[in-house]
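Asker: I am attaching a structure below and will ask some questions about it afterwards.
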Amino acid sequence: MRLMSFLSLLLVLALPATAEVEVHATGDLGVVIERTTGSVLIVDQSDMDVLARVEGFGDLSHASAVFSPDARFAYIFGRDGGLTKLDLVTQTIAGRVIQAGNSIGGAISDDGHLVAVSNYEPGGVRVFDAQTLDLVANFPTQSKTIGLVDAPGGRFVFSMWDTGETWIVDMSDATPDVTKITGMGANPYDALITGDGRRYIVGLFGEDGMSTLDLWSDAPVAQRILPGYGRGEEPLPVYKMPHLEGWALAGDRFALPAVGRHELLWLDAQRLTELGRTKTHGQPVFAVARPDGRHVWVNYAHPHNDTVQVIEAASGEVLHSLKPGPAVLHMEFTARGHQVWVSVRDANRIDIYDTQTFEKIGEIPAETPSGIFFTARAHRIGL
Amino acid sequence: MARAVALLAISVLAAPSLAAEALPQAEQDRLAHFVQQDCGSCHGLKMTGGLGSPITPEALEGHTVDGLTSIILDGIPGTAMPPWRPLLTEIEAQWIAEYLLEISP
């Protein structure tokens, strides 16, 4: 009885407040990282507009985000070890923990119950309850840990910069099961998992080539791909590490950035052999396939980072070049690929392009924007 | 000679230092932005480290301007620190070295 009256009181108190809140469904929302100010914009992709700026995320160098399955919450991973849960409905921070000294990204489990964070200092992966942000498991690796992704079956996969290992952590039972794969190669800098959850691809900085694992195998073994793609030439200085994301598959081939070369490499997705390469404007950072896989949009490392090129997957030809402005850091397609949003850090702007005509159709102001993440990622393996 | 000593004294005591004096303010602003954002892509916006080592004044204690300038220009072979000589002049690299040692961005 006391509980009932308490609840009624809560209802009475809450009603006038809720009546004033404008309802925004989250399916076409996204977040934009404002790296210098430690703030995050909540954006409406359909309206091409900013709904809110939320502050208090700490050091957002190299920050990234994943979403809860209901696309209500974004989990933001900051450089300072901060894991922050942002409520897109109330536009407020719903929880925040400093879980390590220096972090590099994260992932959410396939069931949405667990959020994992990849750390440089101390090296390893920590896993948290997605609801409470309480620590659930800790996997110290004695190495800077990169390329953390979710995989089907309640698994997380990540790799070690210093030791060249990949670990597969199965969180589906109460006691986590860890499979360690050695010999992935020298200095893995990032990794991706394909949208079907089968293939994990690791980029190598310390070695001329890449490597991959078949996650459908019971005992995955490291397999070299694109060995010696640098053809023995001295690599160019790398002013920004490339990034690998689950958008690399374009039709029947992967588009992969070369390290220390002005090239995009094409890998046959079935045979894992090289199909060719495209000469590019600079060293690729992101090579992002449009969701239909027909075109790949590529941005570049400093000092060529004012340019974006659109490359046709089937022919490998550069179809179009754009110069959005100084320091293009990230590109995000809408779920079906009709638009792409581009962060132009030093212009303090997000540019929005029509992906059929390549025309710029809008822009929104943002303070030194970097990552752009739409909630459609909530429903994709590895994003 | 007295002038050189005076300049040296200034550079030891406080900013602006010798390299900083040689560069126009707009150029210094551009370099400070470059350090925070582009060095920051590996070393962190607050220089607290990432894939690259921390390069806060505390972390760099014991390093000299000359030593850092040479690391910036020629990189550290066998690591991810690239040589910036193709993109920066010696005076710019020296300014960055002094900036990193003196100022916490």
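The values are calculated or read from the model by the stated rules, or taken from the named source; none is laboratory data. Given the structure is predicted, the values throughout are model-derived calculations rather than measurements. All Cβ positions, glycine included, derive from the backbone under ideal geometry; neighbour counts span all protein chains shown. Surface accessibility is based on the protein's heavy atoms, side chains included, excluding ligands, DNA and RNA. Shrake-Rupley method; radii C 1.70, N 1.55, O 1.52, S 1.80 Å.
Asker: Per residue of B:30-43, how many C-beta atoms from partner chains lie within 10 Å of its own C-beta, taken as a mean?
Answerer: Numbers: counts 0, 0, 0, 4, 2, 0, 4, 11, 9, 1, 6, 12, 6, 1.
The mean count of partner-chain Cβ atoms within 10 Å per residue comes to 4.
Asker: Which residues does the label zone of A:THR37 cover in the stretch A:67-104, counting backbone N under 18 Å from a point 7 Å along Cα→Cβ?
Answerer: Under cut-off, by backbone N: A:91-93.
Asker: Taking the Cα atoms of the protein assembly as shown, what is the range of coordinates along each of the three principal axes, in descending order and whole Å?
Answerer: Projected onto the principal axes, the Cα atoms of the protein assembly as shown cover 90, 59, 50 Å.
Asker: Between the stretch A:217-285 and the stretch A:57-112, what's the alpha-carbon centroid distance in Å?
Answerer: 29
Asker: I would also like to ask the following. So what's the gap between the Cα centers of the stretch B:38-52 and the stretch A:119-150, to the nearest angstrom?
Answerer: 20
Asker: How much length is gained on full extension from A:ILE93 to A:ARG231, taking 0.36 nm per residue of separation minus their Cα-Cα distance?
Answerer: Contour length minus the Cα-Cα distance gives 44.8 nm.
Asker: Return the average number of partner chain Cβ atoms within 10 angstrom of each residue Cβ along peptide B:44-57.
Answerer: 5
Asker: Leaving out ligands and nucleic acids, and using a 1.4 Å probe, what accessible area per residue does chain A come to in Å²? Each step should come with its number before you reach the end.
Answerer: On the way: 15230 Å² over 383 residues.
Value returned for chain A: 40 Å² of accessible area per residue.
Asker: So, one more: Under 21 Å from the Cα of A:LYS180, which lysines turn up, not counting those fewer than eight places away in the same chain?
Answerer: The qualifying lysines are A:LYS144.
Asker: Quick check on the stretch A:295-383: what does the Kirkwood estimate of hydrodynamic radius come out to from the alpha carbon pairs, in Å?
Answerer: Evaluated on the stretch A:295-383, it is 13.4 Å.
Asker: Taking beta carbons within 10 Å but only from partner chains, what does the mean come to for residues A:235-243?
Answerer: Numbers: counts 1, 2, 8, 5, 9, 4, 5, 0, 0.
Averaged over the peptide's residues, the number is 4.
Asker: Which angle between 0 and 90 degrees, to the nearest 10, do you get for helix A:2-20 versus the longest principal axis of chain A when only C-alpha atoms count?
Answerer: 60
Asker: Can you tell me the length gained on complete extension of the stretch A:THR182 to A:ARG271, counting 0.36 nm per residue apart and subtracting the Cα distance?
Answerer: Contour length minus the Cα-Cα distance gives 29.8 nm.
Asker: Also, I was wondering about something else. For A:ASP252 and A:ALA219, what does the FRET efficiency come to when R0 = 35 Å and r is the distance between their Cβ atoms, rounded to the nearest 0.05?
Answerer: Working: r = 27 Å, r/R0 = 0.78.
My answer for the efficiency is 0.80.
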